[in-house]
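Student: Attaching a single structure in structure tokens format; questions to follow.
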Amino acid sequence: MSDTPDNAPKHCPGTASEQAGKAASCQGCPNQKLCASGAGKNPDPAIGEIGEKLSSVKHKILVLSGKGGVGKSTFSAQLARALASDGTKEVALLDVDICGPSIPRIMGLDGEQESSVHQSGNGWSPVYVEDNLAIMSIGFLLSSPDDAVIWRGPKKNGMIKQFLRDVDWGELDYLIVDTPPGTSDEHLSIVQYLSSTHVDGAVIITTPQEVSLQDVRKEIRFCQKVKLPIIGVVENMSSFVCPKCKNTSQIFPPTSGGAEKMCADLNLPLLGKLPLDPRIAQSCDEGRPFLREVPDSPAAEVYHTIVQSIRTYCSNRQTEPSTT
């Protein structure tokens, strides 16, 4: 898997590529001679440092989606809150959606800019929304929630490296990583930097329509190529349950069979089908815990089933011999 220096040009082939230092895009790059010598193919020392830093984290779960807007960050936040509802567990949520950090708003921390993250001898201190639920996002490092992050791949990768290596998470039972949509630099970086740790796997979020499933299949291929286990697929916005009459309507019809057929075809677990509920969007906008405020809603019931499946999966993985 390739890596790119922080000061690399836009189309850098990566230090591990056979074209390193030789490609047309390498002309004028300050790293050209080093890359051409082959020295850049040595493993990034940060991989070992991150492995040591995260050795006290029992379970690491990535939340992925092929397309934006399918509810990936919402799911990440609800998963983290649900896991932290067990007061005996220490949980953290890391937002690596560098250009679109929405976790601070969803978790009710939207006003926590700059001064909230403190530097100590052990690294950056995350922001705690509960005594046992820590959050880290680039949103905390911006002077305003409206500030745009206009970075090329290498700088985003460097930020992800810092989050994994320099944040003082302490001992954790679960680390949830909310990623940007697609299969881009950030995804390659997070998988590479976590390669020396035991990653439990990925939860992939989709909606029922084919335009979303098409991109999810790409996400599944990505996981298979980088040997990232897939915990399962969640179909979000699966249907709409009227809060008054309780009738169910399909807002996004599954014209090609939805996530259920896709999972059956690809032999993947379908963790659950989450219905649309306007109260979820409202609670995210207001930074309130949906599962705690509306515990008996159809969506909350499905969430609890999904979370229990993930707990069981992680528990079973913990009993298996480590392959890393």
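Student: In region 258-279, which residues are assigned to a helix (DSSP H, G or I) and within 22 Å of Ala202 (Cβ to Cβ)? Write out each step before concluding.
Tutor: From region 258-279, those assigned to a helix (DSSP H, G or I) are 258-266, 278-279; that's our starting set.
Residues satisfying the conditions are Gly258, Ala259, Glu260, Lys261, Met262, Cys263, Ala264, Asp265, Leu266.
Student: Filter region 197-227 for residues that are surrounded by fewer than 18 Cβ atoms within 10 Å (Cβ to Cβ) and in contact with a Leu (Cβ under 9 Å, 6 or more places away or on another chain); which is farthest from Leu172 (Cα to Cα)?
Tutor: Checking each candidate, the answer is Arg217.
Student: Here is a follow-up. Is it the case that some residue within region 78-89 is β-branched (Val, Ile, Thr) and open to solvent by 50 Å² or more (accessible area, probe 1.4 Å)? Working first, answer last.
Tutor: At the first step, the residues of region 78-89 found to be β-branched (Val, Ile, Thr) are 88.
Next, only the ones that are open to solvent by 50 Å² or more (accessible area, probe 1.4 Å) stay: 88.
Yes, there is a match, as at least one residue in region 78-89 is β-branched (Val, Ile, Thr) and open to solvent by 50 Å² or more (accessible area, probe 1.4 Å).
Student: Follow-up. On the given criteria, is Gly28 surrounded by fewer than 17 Cβ atoms within 10 Å (Cβ to Cβ) and either at pLDDT 85 or above or touching a Leu at 6+ places or on another chain (Cβ under 9 Å) (or both)?
Tutor: No; evaluated as a whole, the condition is false for this residue.
Student: Next question, about the same structure. Asp168 passes all but one of (1) modelled with pLDDT under 90; (2) in contact with a strand residue (DSSP E or B) (Cβ under 7 Å, 6 or more places away or on another chain); (3) open to solvent by 40 Å² or more (accessible area, probe 1.4 Å); (4) not β-branched (Val, Ile, Thr); which number fails?
Tutor: (1)
Student: Mind telling me which of the residues Asp178, Asp173 ends up being in the same structural domain as Val91 (by TED's automatic domain parsing) and surrounded by 21 or more Cβ atoms within 10 Å (Cβ to Cβ)?
Tutor: One residue alone meets the criteria, Asp178.
Student: Here are Gly100, Gly71: which of them is closer than 20 Å to Gly287 by Cα, under 13 Å from the mean Cα position of the chain (by Cα) and surrounded by fewer than 19 Cβ atoms within 10 Å (Cβ to Cβ)? Quick ask: steps written out before the conclusion?
Tutor: Numbers: Gly71 fails: surrounded by fewer than 19 Cβ atoms within 10 Å (Cβ to Cβ).
The unique qualifying residue is Gly100.
Student: On the basis of being without any contact (Cβ under 8 Å) to a residue 60 or more places away in the chain, among the hydroxyl-bearing types (Ser, Thr, Tyr) and either buried (at least 18 other Cβ atoms within 10 Å of the Cβ) or assigned by TED's automatic domain parsing to the domain that holds Cys314 (or both), does Ser56 make the cut?
Tutor: no
The values are calculated or read from the model by the stated rules, or taken from the named source; none is laboratory data. Please read all numbers here as calculations on a predicted model, not as lab measurements. Cβ: placed from backbone, ideal geometry, glycine included. Neighbour counts: every protein chain shown. The protein model used for the area step is the full one, side chains on, heavy atoms only, and it has no ligands, DNA or RNA in it. Shrake-Rupley method; radii C 1.70, N 1.55, O 1.52, S 1.80 Å.
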